[in-house]
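The values are calculated or read from the model by the stated rules, or taken from the named source; none is laboratory data. Predicted model, so just to flag it, every value in this text is computed and none were measured. Don't worry about glycine lacking a Cβ; one is built from the backbone with ideal geometry, like all the others, and counts go over all protein chains shown.
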Amino acid sequence: MATKENLLYMMRTNQAVMKQLIDDVTEEESTVRGAEKFNHIRWLVGHILYSDNAALEMLGYKDEKYKEMAKLFGGGSEISNDSGVYPSMSELRRRIYDFHEKGIAFVEGLSQAALDKETDAWGKKQPVWQLVSFLWMHEFYHAGQIVNVRKILGRKRPFG
């Protein structure tokens, strides 16, 4: 599979998975952490959105608004139990769905040369598509965390 098709496949899969995981989450449920103090769904969705935007920026996508999310959703950010600190779940849901659509369209327009451009982000020289691929696989890691919170909420498994 060519690089672009692989990235698009990952993004479309992430899009479908996220919809199944968060479509039915209420505002109140979005900040449940359980006795284990898991990351709550609202933080997870914001973190995924922030990370996905950072990945696309490496490919040349421009959306400065996402950088405002670093304090709340960047790696190592403190997770608050105060729901008022975060955008609403409905806003985050709208933003991640919109991002997936825009991101897919953006990647569809990229050349192989743009994907192969070398980066030394994180101290390792590599084609930018590899770093983007890693960040989009990272979305699945956090999707698993959302599944755990859904179990605490008493929800049925979202997949088969």
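Checking residue 7 against (1) under 12 Å from the mean Cα position of the chain (by Cα); (2) surrounded by 19 or more Cβ atoms within 10 Å (Cβ to Cβ); (3) among the aliphatic types (A, V, I, L, M); (4) under 20 Å from residue 114 (Cβ atoms): exactly one of these is not met. Which one?
Status for residue 7: all satisfied but (1).
Show the residue pairs meeting these rules: Cβ distance below 7 Å; 6+ apart or different chains; first residue within the range 112-124 and farther than 16 Å from residue 135 by Cβ; second residue exposed (fewer than 12 other Cβ atoms within 10 Å of the Cβ) and among the basic types (Lys, Arg).
Every condition considered, the pairs that remain are 118/125.
Examine the range 19-26 for a residue that is surrounded by fewer than 18 Cβ atoms within 10 Å (Cβ to Cβ), touching a Pro at 6+ places or on another chain (Cβ under 6 Å) and at negative phi, and state whether such a residue exists.
Among the residues of the range 19-26, at least one is surrounded by fewer than 18 Cβ atoms within 10 Å (Cβ to Cβ), touching a Pro at 6+ places or on another chain (Cβ under 6 Å) and at negative phi, which makes the answer yes.
May I ask you to verify whether residue 61 is assigned to a loop (DSSP other than H, G, I, E, B) and closer than 14 Å to residue 106 by Cα?
So residue 61 passes the test.
Any idea how many residues of the range 79-108 are at pLDDT 95 or above, surrounded by fewer than 14 Cβ atoms within 10 Å (Cβ to Cβ) and not in a helix (DSSP H, G or I)?
Going through the range 79-108 one residue at a time, the tally reaches 1.
Conditions first: (1) farther than 25 Å from residue 154 by Cα; (2) in contact (Cβ under 8 Å) with a residue 40 or more places away in the chain; (3) surrounded by 13 or more Cβ atoms within 10 Å (Cβ to Cβ). Residue 60 passes all but one, so which condition is the exception?
It is condition (3) that residue 60 fails.
Considering only residues of the range 1-38 that are free of Cβ contacts under 8 Å to residues at least 24 places away in the same chain and among the small types (Gly, Ala, Ser), which is farthest from residue 110 (Cα to Cα)?
Of everything passing the filter in the range 1-38, 35 is farthest from residue 110 (Cα to Cα).
Name the single residue, out of those in the range 30-51 being surrounded by 19 or more Cβ atoms within 10 Å (Cβ to Cβ) and in contact with a His (Cβ under 9 Å, 6 or more places away or on another chain), that is farthest from residue 154 (Cα to Cα).
51
Is it the case, given these coordinates, that residue 76 is touching a residue at least 12 places away in the same chain (Cβ under 8 Å) and assigned to a loop (DSSP other than H, G, I, E, B)? Write out each step before concluding.
Numbers: touching a residue at least 12 places away in the same chain (Cβ under 8 Å): no; assigned to a loop (DSSP other than H, G, I, E, B): yes.
So residue 76 fails the test.
Residues 114, 143: which one is in a helix (DSSP H, G or I), more than 21 Å from the chain's Cα centre (by Cα) and of a type in the set (A, V, I, L, M)?
On inspection, the qualifying residue turns out to be 114.
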